[in-house]
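Novice: This is the structure, below, for whatever I ask next.
A short reminder: the numbers here are calculations on the coordinates, not readings from a lab. Note that the structure is predicted; figures quoted are calculated from it, not measured. Glycine also receives a Cβ, built like all others from the backbone with ideal geometry; neighbour counts cover every protein chain displayed.
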């Protein structure tokens, strides 16, 4: 009797194991299909990104260079948005200090290439390394301060950096800080576009894998419950510091690219307005989301371009308004509306849209 | 020799008084910031813009319809109350349940909107304009120590406002309910406090304090523009954080400390250069103040007078 029972048990176990392997292969198939689709979508996206210059040439003709130049700026903003999102959306550090890295890195690059006649690539490398160092210097003390206190302290850092960079300009007696010695190919708008977006694509890939690796999961755990994360053995100080450094490096790279893009460095790069732009990108796009960073950068980058298309001065009845004044106001208003109506960001909208499509698709399938 | 020493003493005293006066202005702003932050949880970066908007309104009333200064001031203060109520209903209410960080960013956006609005309605305020007050050009002479009339007004108004707010918060039902809300909103709601109405009162009071400090600042600088509060606001925030972000006297003291540091540093550094570098530049002064602020935060993360943060596990 007993032996039969065990045999039955064994059989049942075998059976369940069989179904499990079956289910596993099923899941594997589904996952593989999903990966295929995601891969295809990514390839299509890359293809479109690569084709955009040609499309722009067809649409805009002579002004396509200028339009592409604007588009490259959005690529630079995407990098800055990723940086802010890693720090604020993932590691939950409400730091407003990224604009300081942005400005300092741009000045360093310009100083190295224009004043010290170093090659451009050395300049970029040193600017990014200096940003990493700054990230450690700022991130270290930031570990002791949290929440609102951190926000105000880092906001102070931005104003101070802006004031000191401005002081440097006045001490050196220059109106604007020209970036010379650029590699010749970066003067061409098409080449600049490809240069920026190749970097953006590589960075998105790297950031995606960083966020799905040990570090990223630790950041998310810290964000969701600091105490629980600590109890699980996550070294809070170390991981927070890593978030500061990664964010500083990315922002520094964005700053150096921005100086390349504008061919000057200006102290307004480290200002309250720049901070607002960085925060607006991640809050509008969605905190803790790579898609959100991209969408937010497009939102913040395109609005000034679109508003620039308006006739100036704009006449509303007998009221004449300079559009350049309205720009910031409309920008602020859109930001407010986005915050009120999509408090979780535009990226959640895409998720919702995707769910809706899937549901519609399912219903179509069953009928 | 004695004479120059007395003169230096007098000059230093003059600087200290100037520090107290600007510090009171920072302190007043910090007071309003802390009031709104503690009760409604909004870190209000639009605070300067609100004050600037109302001060701009006062300037227009004086220069446009040629109103008497005191009448215009009265109308402006009423206007400030309305602005506060409108902002609470139109802005703070819809974002009430958003995280603190999102709300802070929303106020940054609000500041942009308010400044643009002011600039679109009153284009002349885009650049600094002369701000007239009855106090202009009057000063008190105490044995060689000059104190201008507006400085005395600022000190008196600050003291009165602080006293009044304190009485309001400790002696009236509304004030006590407000302090209860600062500790725990659901609990105060359960105790029957009209939370919605108190939010409105807080914002109206906040706008009033912002307007008073903006008008005082404009009177002291004798200049006004749409963005004239921006440079002051960050220092006010630093003062508020130094004070611990949770007590009104702390905020006032923090602001006064910043004002004193600002003026004394300006006096000590004036006219000095370090090689080609001009140390008397405001940038250097701000850097030093900010450095001291960070040092204080590192030693006391909860601010000078703040309660230590407890973490519930």
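Novice: If you wrap segment A:63-269's Cα atoms in a convex hull and average its projection over all directions, what's the area in nm²?
Specialist: The orientation-averaged projected area of the Cα hull of segment A:63-269 comes to 11.7 nm².
Novice: Can you list, largest first and rounded to whole Å, the semi-axes you get for segment B:122-255 by taking the square root of 5 times each eigenvalue of its Cα gyration tensor?
Specialist: Whole-Å semi-axes of the equivalent ellipsoid: 33, 19, 14.
Novice: Now a separate question. Give me P(r) over segment B:1-93, computed from all C-alpha to C-alpha distances, binned every 10 Å, as integer percentages.
Specialist: Per 10 Å bin, starting at zero, the Cα-Cα P(r) for segment B:1-93 comes out as 14, 30, 26, 16, 10, 4, 0 percent.
Novice: Can you tell me the FRET efficiency between residue A:217 and residue B:264 if r is taken as the Cβ-Cβ distance and R0 is 60 Å, rounded to the nearest 0.05?
Specialist: After rounding to 0.05, the efficiency reads 0.75.
Novice: Test of understanding: express the Cα radius of gyration of segment B:20-62 as a ratio to 2.2 N^0.38 Å, with N the residue count.
Specialist: 1.33
Novice: Measure nothing but the geometry: give the 0 to 90° angle between the long axis through the Cα atoms of B:230-242 and the longest principal axis through the Cα atoms of chain B, rounded to 10°.
Specialist: Tilt of helix B:230-242: around 70 degrees.
Novice: Points 7 angstrom from Cα along the Cβ direction at residue A:44 and residue A:228: gap in nanometres?
Specialist: Distance between label points: 3.7 nm.
Novice: Go ahead and run the numbers for FRET between residue B:170 and residue B:272, Cβ-Cβ distance against an R0 of 41 Å, rounding to 0.05.
Specialist: FRET efficiency, residue B:170 to residue B:272: 0.30.
Novice: A follow-up question, please. What nm value, rounded to one decimal, do you get for the distance between residue A:69 and residue B:190 when each label is placed 7 Å out toward the C-beta?
Specialist: 6.3
Novice: Starting from the Kirkwood radius over alpha-carbon pairs of the protein assembly as shown, derive D by Stokes-Einstein at 10 °C in a medium of 1.306 mPa s and give it in µm² s⁻¹.
Specialist: 57
Novice: Restricted to Cα positions, what overall size does segment A:180-314 have along the principal axes? Three whole-Å values, descending.
Specialist: 58, 40, 26
Novice: For a paramagnetic label modelled at 7 Å from the Cα of residue B:146 toward its Cβ, which residues of segment B:181-224 fall within the zone defined by backbone nitrogen distances under 20 Å?
Specialist: Inside the label zone: B:217-223.
Novice: For segment B:242-299, what does the convex hull of the Cα positions come to per residue, in cubic angstrom?
Specialist: In segment B:242-299, the Cα convex hull volume per residue is 77 Å³.
Novice: Classify segment B:190-313: rounded, prolate or oblate, from the alpha-carbon gyration tensor (a ≥ b ≥ c, eigenvalue square roots; a/c under 1.5 rounded; otherwise prolate if a/b is larger than b/c)?
Specialist: Taking the square roots of the gyration eigenvalues as a ≥ b ≥ c, segment B:190-313 is oblate.
Novice: Then there is this: Starting from the Cα-Cα distance between residue A:129 and residue A:273, subtract it from 0.36 nm times their residue separation and give me the gain in nm to one decimal.
Specialist: 49.3 nm is the gain from fully extending residue A:129 to residue A:273.
Novice: What's the angle, to the nearest 10 degrees (0 to 90), between helix B:2-40's Cα axis and the longest principal axis of chain B?
Specialist: 10
Novice: Now for a separate question. Of all alpha-carbon pairs in segment B:2-299, indicate the percentage at a distance above 28 angstrom.
Specialist: Value for segment B:2-299 (Cα pairs over 28 Å): 41 percent.
Novice: I would also like to ask the following. In deg cm²/dmol and to the nearest 500, what is the mean residue ellipticity at 222 nm of the protein assembly as shown if only DSSP H runs of at least 4 residues count, each as -39500 (n - 2.57), divided by the residue total?
Specialist: -25500 deg cm²/dmol
Novice: Once each part is reduced to its C-alpha centroid, what is the distance from segment B:234-263 to segment B:168-222 in angstrom?
Specialist: Each part reduced to its Cα centre gives a spacing of 19 Å.
Novice: If the viscosity is 1.567 mPa s and the temperature 4 °C, what Stokes-Einstein diffusion coefficient in µm²/s follows for segment B:27-182 when Rh is the Kirkwood radius over Cα pairs?
Specialist: 73
Novice: Would you kindly calculate the mean projected area, averaged across all directions, of the convex hull enclosing the Cα atoms of segment A:228-292, in square nanometres?
Specialist: Computing the convex hull of the Cα atoms and averaging its projections yields 6.0 nm².
Novice: Order the peptides B:57-69, B:160-172 from the highest to the lowest mean number of other Cβ atoms within 10 Å of their residues.
Specialist: Top to bottom by mean Cβ count within 10 Å: B:57-69, B:160-172.
Novice: Here's something else I'd like to know. Measure off 7 Å from each Cα along the Cα-to-Cβ vector at residue B:298 and residue B:124, then give the distance between these two points in nanometres to one decimal.
Specialist: The answer from the label model is 5.0 nm.
Novice: Three principal axis extents, largest first, for the C-alpha atoms of segment A:96-164, in Å?
Specialist: 42, 21, 12 Å, listed from the longest principal axis down.
Novice: At 20 °C and a viscosity of 1.002 mPa s, what translational diffusion coefficient does Stokes-Einstein give for segment A:55-179, taking Rh as the Kirkwood radius over Cα pairs? Give it in µm²/s as a whole number.
Specialist: The Stokes-Einstein estimate is 129 µm²/s.
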